[in-house]
Structures are given as C-alpha cells and as structure tokens.
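First the structure, in the form of structure tokens, and then the observations on it.
The values are calculated or read from the model by the stated rules, or taken from the named source; none is laboratory data. Everything numeric here is computed off the predicted structure, so don't read it as measured data. Because the Cβ atoms are built from the backbone with ideal geometry, glycine has one as well, and the counts that use them run over all protein chains shown. Surface accessibility is based on the protein's heavy atoms, side chains included, excluding ligands, DNA and RNA. Shrake-Rupley method; radii C 1.70, N 1.55, O 1.52, S 1.80 Å.
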Amino acid sequence: MAKTKPSTTRSFRMYINGKWLDSESGRTFDVVSPASGEVLGSFPMGTAQDAKAAVEAAVGAQSVIRNLSIRERALLGVRITQEIGRFIKEYAVDCSLEHGKPLRESLAEVEDAIPNILWQVEDLKRWDSPTQEGYSKDNVLYTTLHEPLGTVVTITPWNFPWVLPCEFVVQAMLAGNSVVFKPASNTPISAIHLIECIDRAGVPAGVINMVTGPGDEVGTTLVEHPLVDGIGFTGETATGLDIAKRAGLKKLTLELGGLGPLIIMDDAKIGPAVEDIAFGCFTTTGHCCVANERIFVHEDVHDQVVKALVDRVKKMKVGFPLHADTDMGPINNRPTLRKVESHVADAVKRGAKVVAGGKRVPGMPTDLYYYPTVVDDVPPEALFNTVETFGPTAPIFEFSDLDDAIEMANAPRYGLSMAIHTANLRVAMEAAKRLKSGQICINEPVYSWDYFNPWGGFRNSGLGRIAGRWSLDAFSELKTVMINVGRSPWPGSLRRPRET
C-alpha cells in the first residue's frame, strides 16, 4: 500500500512526568490510515530508556496519588470525562481514520468512554470491604482495606483505541496507583487524545505516563521492570502468555483471545439470530476479542439461516469510514488481512464453500478493504475453528444435537464470551452450565458486554476480571488490619473468667 503524505504531517509526543517529550533516541515512526493510505502523523519511537524513565516518574508519583482522598480521585475521573466530552466528534474522526471503523462506530466508542469511567467513579465511592468480629480470637476486630498495587503498566491493543484504555488506565489511577500506559502502535492518536484529556483534567505529574513505540522493546521493558507492581493487558493469547512468563509475581489482569461461538438451535427465531450473527461478525470489521468467530447451526434450520445471512450480508456497504452510508470499513492492517485470506483459503481447501464475499473490494483508496464474508460447510478441523481470525468472516458449522455443539464450542479451550439462541429455557440453561466461558449470552450476540458485569475469560482467554468494581479490585490488594478491642467476659459466657 502506497503511503501519501498530507501537506502538513502532525507530530505527536510521549507523555512522561507531566511533560510532552520526544524519544531519547530522536527516532520516530509514521502511522498510515488503512482507510486512505495517508500518513496521519509521526510518533516517538520509544526505547527501553524511555520506558524506564516513565516507570521512574510513576514510582516517584506513588505517594501523590495514594494520598489523594477517594473524593479527590473521583473528581479527577469526572474531569477527565468532561474533557473527553468537549471533542467527541474530532476524536471520533481520528479514530476512524487510524482504525478504519465507520464514523458512527467511532462516535459510539468515544461516547462510551465517558460512562465507562463514570461507572467506576461511582463504584469507587461505594468500594466496600468486610469488617467482622474474630472467631479464634474473640477479642479482635478484623477490618479489610483496599491497598493500591503501586505502579501499574497498562498495554492496550489497536481494535478499540478508546474503550480499552478507558477500562484500564483511568481505573488503575482511581484505585490509587500510578500508571505507565503503552498503546498499540497502529492506533496511537486516540491514546494521545486520552492523555491530553488526562493532562487538562489536572491529574498530577507522573501519576499517568504514556510511552509509544514497539512492543518488543517498550512493552518488554515495562513488563520486566522490577518496580512495576501490576500489569493490565488486552491482546492476543500468545502475547499474554509471554507477558505471564516475563512478569514474575506481578499481579496480572489479562483479557485475551475469544474465538466466540454462537449456537443456533432448531427452535431459534431466525431473524434475530441472523441479526446477531451480522452484528457479531462484522461490527468493527470483526476486529474484536468477542467477535462472533464461529457459528454453529442446527441441521434442521441450516439452510434457512445461511440464506437469510447471505441476503443480509449482500446489503452491507463496504466503504470509506467517514461516509454516512458505510456499514463496514477496511481491515486495519496487512497481517490481519493475510490471516483472513489464509483462513478462507484453508476452509475452501477442506471442502467449505464461500457463499458471500471472500475477496478484496476493488477500486478503494487502499487494498485493505475486504467484503463481509460467509463461508458454509466449514469442517471442525479448519483454522476457523482453532485460531482467532479477527476479521469480517462468518464461518458456518452444522451440528445435529446440543452435545455436539457444546463439544465443538469448548474444544479450542478459549472462553471469553459464548452465545446460544433457543426458545427453550431448559436448553439455554443447560448450555449456560456446560459452556466454559466467562460470559454466556442467551438470545443475545456473542459480541456483548456492559459497564458493570465482571468481564474476563476462562482458559486461554485470560486471567482476572475488569468492569465495575472488578476493575478496582484488579488494581489493588486486600490488607487485613487486626484490632484488639479488649473484650471482657460477660455474664453467661461459655468462657470461664481467669482465676486470680
């Protein structure tokens, strides 16, 4: 893809200890829009030294954030959302250009950052912990306190450049930690806009820092740094496993791959099921950890579902993300495009049929535009069933009974979000009990979450939970305080008073 430079290329900087800085190396990298092929800006190519400087600044600011009251931290969170709200349209345009998603999706994402943060602000106000009387020591009162971890590293991916940082970065600060933020190099503009809001909101210097640059240098340095106390990461399972190996005993919150299945039973309502497939497979061009990666359709309704889905997909408009009539934009990057094409080719080689899409869209500004694709008769051994595709594909697998569908859904050992469509409550609850996933959606798309439910996966889909108070719990530890209250024996006590 040829790069084209606008007349004036924007230059961006990192943010360390309250200052906007270039990399100590002086090197930069360009971000090219997958939608237009235009260079959107140049960014500091962060180094290990930059990462260490950010950690030092964060460690130095630990006492500052820890000494702020809950009220003061909550107020900072509110101010950050107010700053986001001032420039929603401008931020959404940049998000669409650097990611490729349609503008209406970017608008929804930037807007979504505000209640995402405000929900945790309210949770902070009500962040309770137990107090109880002793059992083995009946003269002791036990109270439990929430202790910040210290310095937290947050590493976020390119697919949701606003929502995911707004589930980690600000929440870690609300819990009383200092933060070093490493955004994805594909979509750093949105991350910088968030930091601009944090800076304008008056968050003290050093409390939140950001370093741009390559994961293998900046990310590795941050993960291995001995003064980092916790890590929040969203991304591929392979990267999460590497982080777990390098992190030592740091507290980890890892939200990893999904490979999410949707099971459509023979009594399901076809219309809503097909809408949920289309939403789950093609929103954000399929770039989502909870995308509907696999569709298991009962043999008795297979033909109806496939026909309705193909008709639905053929009405979708692939286009430039800033155009109002665009339903789906380009794939964000070339490695993901190659993976999509290889998964389609692998399924066809194994006997599957492409019944919609399956190729790039000609005549577009870049060659990253790809038709929404439906692949039917996919065999269980296909890559679609074992490796996250992360693109605009709807692979259809046929099954004959619920046991088969559950076995196929659980087989790859991913478990972030799974769904079933059925009119039978007993069948729905049976599936909910047997499917091994952090979230089960009944007559809803796989692609679902809310601000307050504990979000996270089983098995290869991660460790820990975020959202609501669980985000605050993720970035804190529990400390027990024992208070000797000097209780004296009372009349009728089973304990005999000490003889004198």
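So what's the convex hull volume per residue for the Cα atoms of the stretch 22-154, in Å³?
Dividing the Cα hull volume of the stretch 22-154 by its residue count gives 175 Å³.
Once fully extended, how much extra length lies between MET429 and SER400, figured as 0.36 nm per residue of separation less the alpha-carbon to alpha-carbon distance? Kindly include the intermediate steps, with their values, before the conclusion.
Working: separation 29, 0.36 × 29 = 10.44 nm, distance 1.87 nm.
Separation in residues times 0.36 nm, less the Cα-Cα distance, equals 8.6 nm.
Just going by the charge dipole of the chain, with Lys and Arg at +1 and Asp and Glu at -1 on Cβ, which of GLY271, ILE65, ILE155 is farthest out on the positive end?
Looking along the dipole axis, the top candidate is ILE65.
Debye calculation, C-alpha points only, no solvent: report log10 I(q)/I(0) for the stretch 109-200 at q = 0.16, 0.19, 0.22 Å⁻¹, in the same order as the q values.
-0.70, -0.89, -1.11
Would you mind classifying the chain by shape? Square roots of the alpha carbon gyration tensor eigenvalues, ordered a ≥ b ≥ c; an a/c under 1.5 is rounded, otherwise it is prolate if a/b is larger than b/c and oblate if not. Mind dumping the intermediate values first?
On the way: a/c = 2.27, a/b = 1.27, b/c = 1.78.
Oblate.
Rounded if a/c is under 1.5, else prolate if a/b is larger than b/c, else oblate: which is the stretch 44-108, with a ≥ b ≥ c the root eigenvalues of its Cα gyration tensor? Provide the component values of the computation, followed by the final result.
On the way: a/c = 4.26, a/b = 1.36, b/c = 3.13.
In terms of gyration-tensor shape, oblate.
State the percentage of accessible surface on the chain attributable to carbon and sulfur atoms; use a 1.4 Å probe and exclude ligands, DNA and RNA. Provide the component values of the computation, followed by the final result.
Values: 10980 of 20900 Å².
The nonpolar share, carbon plus sulfur, comes to 53 percent.
I'd like the Kirkwood hydrodynamic radius of the stretch 30-76, using the inverse of the mean 1/r over distinct C-alpha pairs, in Å. Each step should come with its number before you reach the end.
Numbers: mean 1/r = 0.0712 Å⁻¹.
Hydrodynamic radius (Kirkwood, Cα only) of the stretch 30-76 equals 14.0 Å.
Gain in length, ASP346 to ASP128, computed as 0.36 nm per residue apart minus the alpha-carbon separation, to one decimal in nm?
Details: separation 218, 0.36 × 218 = 78.48 nm, distance 5.17 nm.
So the extension gain works out to 73.3 nm.
Could you name the lysines in cross-link range of LYS307, using Cα to Cα under 21 Å and dropping any fewer than eight places away on the same chain?
LYS269, LYS315, LYS317, LYS353, LYS359
I'd like the Karplus ³J(HN,Hα) series for the stretch 173-184: coefficients 6.51, -1.76, 1.60, θ = phi - 60°, whole numbers in Hz, and an x wherever there's a Gly or Pro.
Calculated HN-Hα couplings, in order: 5, 4, 6, x, 9, 8, 9, 10, 10, 10, x, 5 Hz.
Taking the Cβ-Cβ separation of GLN82 and LEU322 as r and a Förster radius of 35 Å, what is the calculated FRET efficiency to the nearest 0.05?
Values: r = 26 Å, r/R0 = 0.75.
Calculated value: 0.85.
Full-extension gain between GLU477 and ALA238, please, as 0.36 nm times their residue separation minus the C-alpha to C-alpha distance.
The GLU477-ALA238 span can extend by a further 83.4 nm.
Take every Cα pair under 8 Å in the chain that's 6+ residues apart, average their separations, divide by the length, and report that relative contact order as a whole percent. Intermediate values should be presented prior to the final figure.
Details: 1153 pairs, mean separation 90.4, N = 500.
Here the relative contact order equals 18 percent.
Once you charge only the Cβ atoms, +1 for Lys and Arg and -1 for Asp and Glu, what is the size of the charge dipole of the stretch 340-379 about its Cα centre, to the nearest 20 debye? Before the final figure, lay out each step's value.
Working: 5 positive and 5 negative charges, 16 e Å.
Roughly 80 debye for the stretch 340-379.
Just going by the charge dipole of the stretch 209-316, with Lys and Arg at +1 and Asp and Glu at -1 on Cβ, which of LEU256, VAL223, GLY280 is farthest out on the positive end?
The residue sitting most towards the positive pole is VAL223.
Please give the peptides 171-184, 256-269, 381-394 ranked by average Cβ packing (other Cβ atoms within 10 Å per residue), highest first, as a rough proxy for protection.
Working: 171-184: 27.2, 256-269: 24.4, 381-394: 22.7.
In descending order of packing, they fall as 171-184, 256-269, 381-394.
Suppose every K and R has +1 on its Cβ and every D and E has -1 on its Cβ; what is the size of the dipole of the chain about the Cα centre, in Debye to the nearest 20? It would help to have the intermediate numbers written out before the result.
Values: 52 positive and 60 negative charges, 246 e Å.
So the magnitude is around 1180 debye.
Charges on Cβ only, +1 for Lys and Arg, -1 for Asp and Glu, centred on the Cα centroid of the stretch 280-384; of PRO321, PHE384, HIS302, which one is farthest towards the dipole's positive end?
Going by the Cα projections, it comes out as PRO321.
Under unit Cβ charges (Lys, Arg +1; Asp, Glu -1), what dipole magnitude, rounded to 20 debye, does the stretch 159-226 have relative to its Cα centre? Present the calculation step by step, with values, prior to reporting the outcome.
Working: 2 positive and 6 negative charges, 35 e Å.
Rounded to the nearest 20 debye, it is 160 debye.
Tell me which lysines have Cα within less than 30 Å of LYS250's Cα, excluding those fewer than 8 residues away on the same chain?
Within the straight-line cut-off, LYS250 pairs with LYS19, LYS52, LYS125, LYS182, LYS436, LYS479.
I need the peptides 308-318, 471-481, 147-157 ranked by packing, meaning the mean over residues of other C-beta atoms within 10 angstrom, with the highest value on top. Walk me through the intermediate numbers first.
Details: 308-318: 16.6, 471-481: 18.3, 147-157: 24.4.
Order by mean packing, descending: 147-157, 471-481, 308-318.
How would you classify the stretch 215-332 from its alpha-carbon gyration tensor, with a ≥ b ≥ c the square roots of the eigenvalues: rounded for a/c under 1.5, else prolate if a/b is greater than b/c, otherwise oblate? Write down the numbers at each step before the final one.
Values: a/c = 4.30, a/b = 1.97, b/c = 2.18.
Note, shape of the stretch 215-332 comes out oblate.
Amide H of ALA394 versus every other amide H placed in the peptide plane: which residues, excluding those fewer than 5 positions away on the same chain, fall under 5 Å?
Here the answer is THR373, VAL374, VAL375, since their amide H atoms fall under 5 Å of that of ALA394.
What list of ³J(HN,Hα) values in whole Hz, one per residue of the stretch 70-82 in order, does the Karplus curve 6.51 cos²θ - 1.76 cosθ + 1.60 (θ = phi - 60°) give from phi, with Gly and Pro shown as x?
With coefficients 6.51, -1.76 and 1.60, one gets 4, 4, 5, 5, 4, 5, 4, x, 4, 5, 4, 5, 5 Hz.
If one takes the longest principal axis of the Cα atoms in the chain, at what angle in degrees, from 0 to 90 and to the nearest 10, does the Cα axis of helix 88-99 lie?
Roughly 60 degrees between the two axes.
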